[in-house]
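Enquirer: Supplied in structure tokens, the structure appears directly below.
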Amino acid sequence: MSRLSDIVSSIEESRTMAISSLTKRLKAEGKNVLSFSAGEPDFNTPGFIKEAAVKAIHNNFTTYTANEGYPELIKVIVKKFKDENDLDFKPENILVSNGVKHSLYNVLMAVCNPDDEVIFQSPYWVSYPEMVKLVQAKSVIIEAGVEKEYKISPEDLERAITPKTKVFIFNTPSNPTGAVYSKEEIIAFAEVLRDKKILVVSDEIYEKIIFDGEKHFAIGAVDHLKDKTITINGVSKAYAMTGWRIGYAGGPKDIIRLARNLQSHSTSNASSISQAASYAALSQHSKEIDMMVEEFKQRRNFIVAELNKIRGIKCPLPKGAFYVFYDVSAYYGKHVNGFEIKDSTSFCNYLLMEQNVGLVPGIAFGNDNCVRMSYACSQVHIEEGLERINNALKKFH
Ligand SMILES: Cc1ncc(COP(=O)(O)O)c(C=O)c1O
């Protein structure tokens, strides 16, 4: 008998976190590493949010709150869902957790049984397959490569459905690709799901980081999916609050009740101070968010234009989030100085060794032809990084 859990042994360490740790270590060793692996805005949490947290501390809002989140925050989340997403929830439909990751895990735990099938697309966010393993369900992955601009079609979804399908995890705007599904595309997915007993877990964490007049549409707002959708969102990316760890879920009462129960025995409430900060974030519209999104858009335009000038790189224009995900497979099979590029991992290793540039291999997101580069960093950082990538790849031409 092993002294370790079989289930936990079956999951891998988050590769994005492993790359971040490696680049941090190289920096600490004195290497001039330029990392593009960050999954977090390079802006500070807006001042009014920080002040709300300081006030909470001084007012001794430092004890346990209700397990599911304190009532005023829940009210503001109900209002946010109504005003921004056309979702009708009551307080009992809401659970506040320690980040979107925690919300997703609680909800998947609340609905999955062994051998249930969970559908999602590739490229996917790194934790979906590992979470599906943790809840002992089975991932059913629909491939969508660069030629499809990383989007699946309603027919793809239809083909993936079996009598065992329990959940469809949907993520728009997407990490890692930045792809955004339009309202029409989302309604077409909803049509496929009509009259089926499939739940939708919709990860909308990048909702506010969206460009070119694209509008975010919450799949749970489609009438016939209202009782089958759990909408998950949080403050990490939109408000530059990754370290505060607040995410929330809105969904059918029976599912939220189970997720609340689970949370009550694992972590209890999310930090009271972070909840107070999130209340401030969600209660008012902040110009700082608009400025941040505008800045991301400028960087995106620059980076995509420059990347596509490099021979062999195919980079579609992402419509949201703060990542570019580009195809580098034209370099596979090429050699330089005894080094062979075989896949996305060796491509990233080469750039790290040759020019101290840290990218994330696409394999971490299910697509080995691509790499992910975050542009949540300064323009100077981006310019220097692109120059280094260019220098490293020139050696193959
Ligand atoms: C698509 C997606 N979902 C969930 C998360 C986790 O968010 P949080 O930091 O709020 O747990 C991330 C973070 O990178 C993400 O990109």
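Enquirer: Yes or no: the stretch 37-52 includes at least one residue that is part of a helix (DSSP H, G or I), surrounded by 15 or more Cβ atoms within 10 Å (Cβ to Cβ) and in contact with a strand residue (DSSP E or B) (Cβ under 6 Å, 6 or more places away or on another chain).
Expert: No, the stretch 37-52 has no match at all.
Enquirer: Quick one: would you say GLU12 is surrounded by fewer than 17 Cβ atoms within 10 Å (Cβ to Cβ), of a type in the set (D, E, K, R) and part of a helix (DSSP H, G or I)? Step through it out loud before you land on a result.
Expert: Details: surrounded by fewer than 17 Cβ atoms within 10 Å (Cβ to Cβ): yes; of a type in the set (D, E, K, R): yes; part of a helix (DSSP H, G or I): no.
Judged against the criteria, GLU12 is not a match.
Enquirer: Could you check the stretch 281-305 and list, in sequence order, the residues that are open to solvent by less than 50 Å² (accessible area, probe 1.4 Å), more than 20 Å from LYS215 (Cβ to Cβ) and not in a helix (DSSP H, G or I)?
Expert: none
Enquirer: So, one more: Under 7 Å between Cβ atoms, which residue pairs at least 6 apart in sequence (or on different chains) link something in the stretch 118-132 that is within 9 Å of the ligand (Cβ to nearest atom) with a partner that is among the polar types (S, T, N, Q) and modelled with pLDDT under 95?
Expert: Listed pairs, sorted by first residue: VAL126/SER14; VAL126/THR16; SER127/SER14.
Enquirer: Check off (1) open to solvent by 50 Å² or more (accessible area, probe 1.4 Å); (2) closer than 19 Å to GLU40 by Cβ; (3) of a type outside the set (Lys, Arg) for ASN391 and give me the number that stays unchecked.
Expert: For ASN391, the failing item is (2).
Enquirer: Can you pull out every residue in the stretch 306-320 that is part of a helix (DSSP H, G or I) and open to solvent by less than 50 Å² (accessible area, probe 1.4 Å)?
Expert: Step one: filter the stretch 306-320 for residues part of a helix (DSSP H, G or I), giving 306-309.
Result: LEU307, single match.
Enquirer: While we're here: If you go through the stretch 240-265, how many residues are more than 22 Å from PHE170 (Cα to Cα), of a type outside the set (A, V, I, L, M, F, W, C) and within 15 Å of the ligand (Cβ to nearest atom)?
Expert: 2
Enquirer: Does GLU68 satisfy the condition of being open to solvent by 40 Å² or more (accessible area, probe 1.4 Å), over 21 Å from the mean Cα position of the chain (by Cα) and not aromatic (Phe, Trp, Tyr)?
Expert: Details: open to solvent by 40 Å² or more (accessible area, probe 1.4 Å): yes; over 21 Å from the mean Cα position of the chain (by Cα): yes; not aromatic (Phe, Trp, Tyr): yes.
Considered against the rule, which asks whether it is open to solvent by 40 Å² or more (accessible area, probe 1.4 Å), over 21 Å from the mean Cα position of the chain (by Cα) and not aromatic (Phe, Trp, Tyr), GLU68 comes out as yes.
Enquirer: Let me ask something additional. Residues LEU104, LEU108, LEU95, LEU87: which one is open to solvent by less than 50 Å² (accessible area, probe 1.4 Å), closer than 29 Å to THR165 by Cβ and assigned to a loop (DSSP other than H, G, I, E, B)? Steps first, please.
Expert: Working: LEU104 fails: assigned to a loop (DSSP other than H, G, I, E, B); LEU108 fails: assigned to a loop (DSSP other than H, G, I, E, B); LEU95 fails: assigned to a loop (DSSP other than H, G, I, E, B).
It is LEU87.
Enquirer: Let me ask something additional. What residue, of LYS24, LYS80, LYS55, is at pLDDT 90 or above, more than 16 Å from the ligand (Cβ to nearest atom) and either among the charged types (D, E, K, R) or assigned to a helix (DSSP H, G or I) (or both)? Steps first, please.
Expert: Details: LYS24 fails: at pLDDT 90 or above; LYS80 fails: more than 16 Å from the ligand (Cβ to nearest atom).
Going through LYS24, LYS80, LYS55 in turn, the sole match is LYS55.
Enquirer: Looking at the stretch 298-316 only, could you name the residues that are under 21 Å from ASN171 (Cα atoms) and either more than 18 Å from the chain's Cα centre (by Cα) or among the hydroxyl-bearing types (Ser, Thr, Tyr) (or both)?
Expert: CYS315, PRO316
Enquirer: Across the stretch 226-239, what is the total count of residues that are surrounded by fewer than 24 Cβ atoms within 10 Å (Cβ to Cβ) and within 12 Å of the ligand (Cβ to nearest atom)?
Expert: Here the count works out to 2.
Enquirer: Name the pairs: first residue in the stretch 180-194 and more than 11 Å from GLU155 (Cα to Cα), second residue of a type in the set (A, V, I, L, M, F, W, C) and assigned to a helix (DSSP H, G or I), Cβ to Cβ under 6 Å, at least 6 apart or on different chains?
Expert: Final answer for the pair search is ILE186/ILE219; ALA190/LEU225.
Enquirer: Could you tell me whether the stretch 143-159 includes any residue that is under 28 Å from ARG257 (Cα atoms), part of a loop (DSSP other than H, G, I, E, B) and either more than 16 Å from the ligand (Cβ to nearest atom) or touching a residue at least 40 places away in the same chain (Cβ under 8 Å) (or both)? I'd like the intermediate steps shown before the answer.
Expert: Of the stretch 143-159, the ones under 28 Å from ARG257 (Cα atoms) are none.
No, that holds for no residue.
Enquirer: What are the residues in the stretch 356-397 that are in contact (Cβ under 8 Å) with a residue 40 or more places away in the chain, charged (D, E, K, R) and within 17 Å of ASP327 (Cα to Cα), if any?
Expert: ARG372
The values are calculated or read from the model by the stated rules, or taken from the named source; none is laboratory data. What you see is a predicted model; the values in this text were computed from it and never measured. So basically every Cβ, Gly included, is an ideal-geometry build from the backbone, and we count neighbours across all protein chains shown. With ligands, DNA and RNA removed, areas are computed over all heavy atoms of the protein, side chains included. Shrake-Rupley method; radii C 1.70, N 1.55, O 1.52, S 1.80 Å.
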